[in-house]
Amino acid sequence: MSYSKKLLVGIIMGSSSDSKIMHSAATALDEFGVKHEDQIVSAHRTPTRLLDYAIHAEKQGFKVIIAGAGGSAHLPGMIASHTTIPVIGVPIMVYNDKTNSDKFKASAFGGLDALLSISEMPTGSPVVTVGVNKAANAGLYAIKILANEFPELKTKLKKHKEIQHKTVLKESDEMKKLGLARFASKKFKK
Ligand code: RP5
């Protein structure tokens, strides 16, 4: 069966505030045609839902779970403790952003709190983590895991790498042609 026919990834986040960052994981998966289901599961506000979600994820047959959380960020680790599905954690820096205003409150330690909470899982229930706010990388990493099973995805990942390579070459050619100062002023519209 083609990978694109089935829900393969569960994306969860601790709060609606996290959607500001987590949508990039969805976009990365969408670009490769990987189906995902998106939900809010809070480790501290809905603790019983953690287990329910883990059971749901197993039943759905998700191959990977992407879990984003900010602050003390227990969500990825606690979900991992309830399931054998690999969990990719996304440490979130921005939170308390429930209004539509441009103002937001960042976590006290700029995301380091969430990064360490996710990466320092004690031995026995591992969670991998991407960098702070790097939700797109979580999406790409999930695709890499899935590519072990679905050769079509491996081909698409190779193409993605080629595109990145060509983009850098194109920019480098332009920089060489314009000179660094003009290139930078054009790029950043000074
Ligand atoms: C965490 O607390 C969430 O993952 C979020 O990053 C943070 C704050 O959430 P809100 O107070 O903005 O809902 O559980």
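Read the figures in this text as sums done on the coordinates, not as results from a lab. The structure presented is a predicted model; accordingly, all values stated were derived computationally and were not measured. Positions of Cβ are backbone-derived with ideal geometry, glycine not excepted, and every protein chain shown enters the neighbour counts.
Working note: 222 nm ellipticity from helices only, DSSP H runs with n ≥ 4, each -39,500 (n - 2.57), summed and divided by the residues of the chain, gives -15500 deg cm²/dmol to the nearest 500. Here the Karplus relation 6.51 cos²θ - 1.76 cosθ + 1.60, evaluated at θ = phi - 60°, turns the backbone of the stretch 71-88 into coupling constants of x, 7, 6, 7, 3, x, x, 5, 5, 4, 6, 9, 8, 9, 5, x, 10, 9 Hz, with x for every Gly and Pro.
Out of the DSSP beta bridges found with both residues in the chain, what percent are antiparallel (nearest 5)?
Taking every DSSP beta bridge with both residues in the chain, the antiparallel ones total about 10 percent.
Reducing the stretch 79-95 and the stretch 115-166 to their Cα centroids gives an inter-centroid distance of 13 Å. Rounded to the nearest Hz, the phi-derived 3J(HN,Hα) couplings of the stretch 174-181 under the Karplus curve 6.51 cos²θ - 1.76 cosθ + 1.60 (θ = phi - 60°) are 5, 4, 4, 5, 7, x, 4, 4, where x marks glycine and proline.
Amide H to amide H, with H built 1.01 Å from N, Gly68 comes under 5 Å of Ile12, Met13, Gly14, Val90, counting only residues 5 or more places away or on other chains.
For Glu152 and Ala108, what does the FRET efficiency come to when R0 = 45 Å and r is the distance between their Cβ atoms, rounded to the nearest 0.05? With R0 = 45 Å, the Cβ-Cβ based efficiency is 0.55.
For the residue pairs Lys59/Lys159; Lys63/Lys158; Lys6/Lys166; Lys6/Lys170, the C-alpha atoms sit more than 27 angstrom apart in Lys59/Lys159; Lys6/Lys166; Lys6/Lys170. Under a model in which nothing but the beta-carbon of Lys, Arg (+1) and Asp, Glu (-1) is charged, the chain shows a dipole of about 940 debye around its Cα centre. The aspartates and glutamates within cross-link reach of Lys5, meaning a Cα-to-Cα straight distance under 19 Å and a gap of 8 or more places when in the same chain, are Asp30, Glu31, Glu37, Asp38, Glu58, Glu149, Glu152.
Fully extending the segment from Gln164 to Ser185 would add 5.3 nm, taking 0.36 nm per residue of separation and subtracting the current Cα-Cα distance.
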